[in-house]
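Below is one structure, written out as structure tokens; the observations come after it.
The values are calculated or read from the model by the stated rules, or taken from the named source; none is laboratory data. Here the structure is a predicted model, which means the values were calculated and not measured. Heads up, the Cβs are rebuilt from the backbone with ideal geometry, glycines too, and the neighbour counts pull from every protein chain shown.
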Amino acid sequence: MVAVGKVWREEEKSLFCAMLCRRVGLLDSKEKENCCRAGVSVRRRKGGCEQVSVWKKILKEWIFPLGAEVLVIIFLLKVVFMLVMVPSGSMLPTIQKKSVLFCTYVHNVENVERGQILVFESDELGKTLIKRLVGLPGETVTIREDGSVVVDGQPLEEPYVVYPEGGAEMEFEIPEGYYLFLGDNRAGSEDARYWEEPFIPAENIKARARFTLWPFSNFGGLQ
């Protein structure tokens, strides 16, 4: 007498293994091996065994590369560069209103130079601003009645100022570790001339504006 289930015909064995392959998520390694030994064609396995290889391919060719690219972009945005949108016309005509600028982070403030366009934080206003650096630590900056600027007794050439503004003469003695900023559009810029605290500390300087991304009509480097 033969026990039930001890003898299988080949077609029954193949059918059973095909069913196991479709449920590969429930199989252990030994059962998977037996499944493959059953002679069932891989191309016929539309579930289980074939599905695992598809997901591995997706992970390898799409998920992992995409994740790596996202991490690189986050790193660049945190350490290398930032994008800034200028909401006002305080830097006209150099920077148009609503322009988008490409800026690089400043990691050593001692390397900044007069005339550069910098991004900084104003503790007084609670805003991130972008202006031109006019005065360095330890300098005396005088704004004359006609709007011209003098630094330590030497007139400052400012070809970027197209809209000057006259008024009462002002003098700023910049403390060590602080900087003085003015907008190019002197007639329409709220800058150090109007702040209660006109000087920006070194640690508040974040980045330097390099070139305009938008609008395309102004695309190019900033001077």
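Of everything in the stretch 189-207 that is over 22 Å from residue 107 (Cα atoms) and among the acidic types (Asp, Glu), the residue that is surrounded by the most Cβ atoms within 10 Å (Cβ to Cβ) is 191.
Would it be correct to say that residue 121 is closer than 12 Å to residue 205 by Cα, assigned by TED's automatic domain parsing to the domain that holds residue 185 and not aliphatic (A, V, I, L, M)?
When the stated conditions are applied, residue 121 passes them.
Scanning the stretch 178-188 turns up no residue that is modelled with pLDDT of 95 or more, assigned to a loop (DSSP other than H, G, I, E, B) and either touching a His at 6+ places or on another chain (Cβ under 9 Å) or loosely packed, with under 14 Cβ neighbours inside 10 Å (or both). Filtering the stretch 111-127 for residues that are within 20 Å of residue 210 (Cα to Cα) and of a type in the set (S, T, N, Q) leaves a non-empty set. Residues in the stretch 170-223 that are among the acidic types (Asp, Glu) and within 21 Å of the chain's Cα centre (by Cα): 203 only.
Assessment of the stretch 155-162 against the conditions (surrounded by 14 or more Cβ atoms within 10 Å (Cβ to Cβ), free of Cβ contacts under 8 Å to residues at least 60 places away in the same chain, in the same structural domain as residue 98 (by TED's automatic domain parsing) and not charged (D, E, K, R)) yields at least one matching residue. The set of residues from the stretch 96-123 being over 25 Å from residue 164 (Cα atoms) and not polar (S, T, N, Q) comprises 102, 103, 105, 106, 107, 109, 110, 123.
Looking only at residues in the stretch 161-177 that are modelled with pLDDT of 95 or more and assigned to a loop (DSSP other than H, G, I, E, B), the one that is farthest from residue 129 (Cα to Cα) is 169.
Looking at the stretch 98-137 only, could you name the residues that are outside any loop (DSSP other than H, G, I, E, B), among the acidic types (Asp, Glu) and either surrounded by 13 or more Cβ atoms within 10 Å (Cβ to Cβ) or in contact with a strand residue (DSSP E or B) (Cβ under 8 Å, 6 or more places away or on another chain) (or both)? Matches in the stretch 98-137: 121 only. Taken as a whole, the structure places residue 150 among residues that are aliphatic (A, V, I, L, M), without any contact (Cβ under 8 Å) to a residue 24 or more places away in the chain and surrounded by 15 or more Cβ atoms within 10 Å (Cβ to Cβ).
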